[in-house]
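Participant: Pasting a structure here, questions to come.
All of the numbers you see were taken from the coordinates with simple rules; none came from a lab. Since the model is a prediction, treat every value here as computed from it, not as a measurement. Quick reminder, even Gly has a Cβ in these numbers, built from the backbone with ideal geometry, and neighbours come from all protein chains shown.
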Amino acid sequence: MSFEEGTEAVAAELAGVSKRFGDTEAVRELDLHVPKGRILGLIGHNAAGKTTVMKMLLGILTPTTGRVRLLGREPRGAEGAQTRRRVGYLPENVAFYDQLTGAEVLGFFADLKGVGRRRCREVLAGVGLERAGDRKVRTYSKGMRQRLGLAQALLGEPDMLLLDEPTVGLDPQATEEFYARLEELRSRGATIILSSHILAEIEERADTLAILGHGRLLAEGNLRALRQRAGLRIRIRVRGRDLGGLRDTLNALENVGAEGDGDGLRVTCGEAQKLTVLERVTATETVSDVEVAPPSLADIYSHFGLAGEGAG
Ligand SMILES: Nc1ncnc2c1ncn2[C@@H]1O[C@H](COP(=O)(O)OP(=O)(O)OP(=O)(O)O)[C@@H](O)[C@H]1O
């Protein structure tokens, strides 16, 4: 994709970016383009470079080599100062002044961002902290702190959101509400980059996933494309009785494997064979249940050689 100076069609761009910390190459020759209005999910093992990418986009870190643009501008210096007002950032570890109330903390961030305190209450209510707003932050649970972190990132209706593991500590309902809020912002044109270790959570929400491994971009695309590219197999668990005939029928199909397992069959197949397999399975009267498990994050990680990777 080409990138014109000053345009916002590409909301975030890294071109040939590397970042070194002493001997550690945190990010290596990274090219990444995020079109305006998209949600990009950054995934990768611990220490893959996700936070470093976000910090370079924010202008908190300077790349060792390469070029970074956020909303069409250089994120550092005077040019960046204007952009930053339009950006919401949720750091990985949110820390607040414990002696302040939630509302005071948010007011403080609103002042810093120059967006005015007028809508703070509304933003607090939007993350479910309306009633807790007057309590000191030191009395907050982990999830409440995370919600407050989200609230400060959402201040001022940002055009760009950078969210580092935003749903850590949120309960399922809060997670749903959080993603609904993101969708709302996106429908108004905001661009969102979020990192997560939980693929199951972002696979439905992100338009594009970028997989980082040891600072390199290993693959990019929507989940379907990534699965296809990786050629990962789908697992299908079939339960029922007398399934020997079905097992043989399935094994006769190309790129399908089926074996008996206690109360049923374990079947694996490629994406292209999925519907044919399901057709055969559902046409078998003695089948009582079927579960389809698409390749998981663990499968994708191991495909890209990242199984068992960790910090270090
Ligand atoms: N300020 C720093 N000084 C030295 N090394 C750093 C610094 N910041 C990051 N690193 C190193 O850069 C690498 C990438 O770290 P980064 O925080 O970007 O990873 P991450 O993908 O966000 O990891 P996690 O999933 O664990 O949060 C790591 O090896 C880390 O130790």
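Participant: Can you pull out every residue in segment 220-239 that is assigned to a strand (DSSP E or B) and within 25 Å of Ile193 (Cβ to Cβ)?
Facilitator: Glu220, Gly221
Participant: For segment 52-85, give me the residue count where each residue is in contact (Cβ under 8 Å) with a residue 24 or more places away in the chain, more than 16 Å from the ligand (Cβ to nearest atom) and at positive phi.
Facilitator: Number of matching residues: 2.
Participant: Next question. Does Arg20 satisfy being surrounded by fewer than 18 Cβ atoms within 10 Å (Cβ to Cβ), within 16 Å of the ligand (Cβ to nearest atom) and more than 23 Å from the chain's Cα centre (by Cα)?
Facilitator: Yes: the conditions hold for Arg20.
Participant: Anything in segment 189-218 that is within 16 Å of the ligand (Cβ to nearest atom) and more than 23 Å from Glu92 (Cβ to Cβ)? List them, or say none.
Facilitator: None - no residue of segment 189-218 is within 16 Å of the ligand (Cβ to nearest atom) and more than 23 Å from Glu92 (Cβ to Cβ), so the list stays empty.
Participant: Mind listing whichever residues of segment 76-111 are within 25 Å of Val168 (Cα to Cα) and among the hydrophobic types (A, V, I, L, M, F, W, C)?
Facilitator: Correct list: Val87, Leu90, Val94, Ala95, Phe96, Leu100, Ala103, Val105, Leu106, Phe108, Phe109, Ala110.
Participant: Take the residues in segment 226-266 that are of a type in the set (Val, Ile, Thr) and closer than 30 Å to Thr208 by Cα; name whichever of them is surrounded by the most Cβ atoms within 10 Å (Cβ to Cβ). Lay out the reasoning, then the answer.
Facilitator: Our first condition is that a residue be of a type in the set (Val, Ile, Thr); within segment 226-266, this holds for 234, 236, 238, 249, 256.
Of the ones still in play, those that are also closer than 30 Å to Thr208 by Cα are 234, 236, 256.
Details: Ile234: 19, Ile236: 22, Val256: 20.
Ranking the qualifying residues of segment 226-266, first place goes to Ile236.
Participant: So, in segment 111-122, exactly how many residues are surrounded by fewer than 20 Cβ atoms within 10 Å (Cβ to Cβ) and not in a loop (DSSP other than H, G, I, E, B)?
Facilitator: The first filter runs over segment 111-122 and keeps only residues surrounded by fewer than 20 Cβ atoms within 10 Å (Cβ to Cβ), leaving 111-119, 121-122.
If we keep only those that are not in a loop (DSSP other than H, G, I, E, B) too, we end up with 111-113, 121-122.
The total comes to 5.
Participant: Still on this structure, please answer the following. Of the residues Ala151, Ala206, which is surrounded by 21 or more Cβ atoms within 10 Å (Cβ to Cβ), in contact with a strand residue (DSSP E or B) (Cβ under 6 Å, 6 or more places away or on another chain) and either not in a helix (DSSP H, G or I) or not polar (S, T, N, Q) (or both)? Spell out how you get there, then give the answer.
Facilitator: Details: Ala151 fails: in contact with a strand residue (DSSP E or B) (Cβ under 6 Å, 6 or more places away or on another chain).
Unique residue meeting the criteria: Ala206.
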